[in-house]
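Participant: First, the structure itself, so that you have it in front of you.
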Amino acid sequence: MRFYPPEFRVFAHEPTSERFAIEKQTPTVGEGVVALVPFLAGEIVFAFTGQVVPERTLFSLQLPDGEHLHDPWFMGKVLHHCDPNCTVDMERRRFTARRDIAAGDRVTMDYEQTEDVLFRPFECRCGAPNCRRYIVGRLARRRSGGGTSTPPTRPSRRDAPVRMRGGEAE
C-alpha cells in the first residue's frame, strides 16, 4: 500500500507499507519511519516526492536551489540522528543506506545535511558519540563556529522558522 496520495504517480523505489511503517515514537518526538525489511549499506532505501514550496515547513527538506520539498506523507517523518543510517541525495530525491539497516530499525538522517536553517531547532538526544546536542541547520552551525551547540538564548529574526497558516507563510 502506498503512503503517497493518488495524485502522485507511482515511481521507482517508492516507499510502501510492505517495506516501512510510520510509528509514534514518543510524545515529544512524534512519528518516525521504521524499516520492516533489511537494507544493505549502499542500497537505495527509498525515493521520495512531494510539493515544491518556497518556504520551509516541519515536513520539508531543502532543495539545492533553496526551495523546499514538502512531504508530510513519508519523507517528512524520517527522524534526525547525528550518526544517521541514511544519506540523502536531494537531486535524485532518494535515501541511501550508510550502513546495514535491520528490520525494526528507525530510518534516520542528519537534518543538517540538507537544511541551512531548521524550521524548528531542537535539542538532540540521539545518543551518538558525535551528537551535536542542539540541531539548528548547517548555516546556523557555521555561524556558531561548528561543533556542538547549545540552544540560543534569543533567536535571530533572520533564523526564525517560517510558520504556516492556511497554507501560506506568516
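The values are calculated or read from the model by the stated rules, or taken from the named source; none is laboratory data. Computed from a predicted model, the values in this text were never measured in an experiment. We place every Cβ from the backbone using ideal geometry, glycine too, and count neighbours over all the protein chains shown. Each accessible area value is taken on the protein alone, full model and side chains, heavy atoms only, with ligands, DNA and RNA left out. Shrake-Rupley method; radii C 1.70, N 1.55, O 1.52, S 1.80 Å.
Participant: Calculate the spin-label point distance for Ala103 paired with Glu55, positioning each point 7 Å from the Cα along the beta-carbon direction, and give it in nanometres.
Facilitator: Calculated label separation equals 4.3 nm.
Participant: Next up: Hey, any idea what Rg/Rh is for segment 48-128, computing Rh the Kirkwood way over Cα pairs?
Facilitator: Value, to two decimals: 0.94.
Participant: Kindly report the accessible area of segment 1-132 per residue (heavy atoms of protein chains, probe 1.4 Å, no ligands, DNA or RNA), in Å².
Facilitator: 50
Participant: Let me ask something else. Each residue of segment 2-14 in turn: what ³J(HN,Hα) in whole Hz from Karplus with 6.51, -1.76, 1.60 and θ = phi - 60°, glycine and Pro shown as x?
Facilitator: Couplings: 7, 8, 7, x, x, 6, 8, 5, 5, 9, 4, 6, 5 Hz.
Participant: Hand me the GluC sites (Glu not before Pro) from segment 1-97 located in a DSSP loop with no more than 16 other Cβ atoms within 10 Å, in residue order please.
Facilitator: Glu7, Glu18, Glu43, Glu55, Glu67, Glu91
Participant: When the accessible area of segment 49-151 is computed with all protein chains present and a 1.4 Å probe, what percentage of it is carbon and sulfur?
Facilitator: So the carbon and sulfur contribution to the accessible surface is 47 percent.
Participant: If you don't mind, another one. State to the nearest 20 debye the size of the charge dipole of segment 1-149 about its Cα centre, where the only charges are +1 on K and R beta carbons and -1 on D and E beta carbons.
Facilitator: Numbers: 20 positive and 20 negative charges, 79 e Å.
The dipole of segment 1-149 has a size of about 380 debye.
Participant: Full extension from Glu18 to Arg92: what is 0.36 nm times the residue separation minus their Cα-Cα distance, to one decimal in nm? Please report the intermediate quantities before stating the final value.
Facilitator: Values: separation 74, 0.36 × 74 = 26.64 nm, distance 2.28 nm.
Net length gain for the segment: 24.4 nm.
Participant: Here's a follow-up. Quick query: amide H of Phe46 versus all other amide H atoms, modeled in the peptide plane; which residues come in under 5 Å with a sequence gap of 5 or more or a different chain?
Facilitator: Those qualifying (amide H under 5 Å, at least 5 residues apart or on another chain) are Phe95.
Participant: With θ set to phi - 60° and the Karplus curve 6.51 cos²θ - 1.76 cosθ + 1.60, what are the ³J(HN,Hα) couplings of segment 63-72 in order, to the nearest whole Hz, using x for Gly and Pro?
Facilitator: 3J(HN,Hα) across segment 63-72, in whole Hz: 7, x, 7, x, 6, 10, 9, 8, 9, x.
Participant: Which chymotrypsin sites (Phe, Trp or Tyr not before Pro) in segment 52-152 pass both tests, a DSSP loop state and at most 10 other beta-carbon atoms within 10 Å?
Facilitator: In loop regions of segment 52-152 (DSSP not H, G, I, E or B), there are no sparsely surrounded chymotrypsin sites (Phe, Trp or Tyr not before Pro).
Participant: Okay, moving on. Just to be sure I understand the model, the point goes 7 Å from the Cα along the line to the Cβ. What's the resulting Thr26 to Leu40 distance in nm?
Facilitator: Going by the 7 Å Cα→Cβ label model, 3.5 nm.
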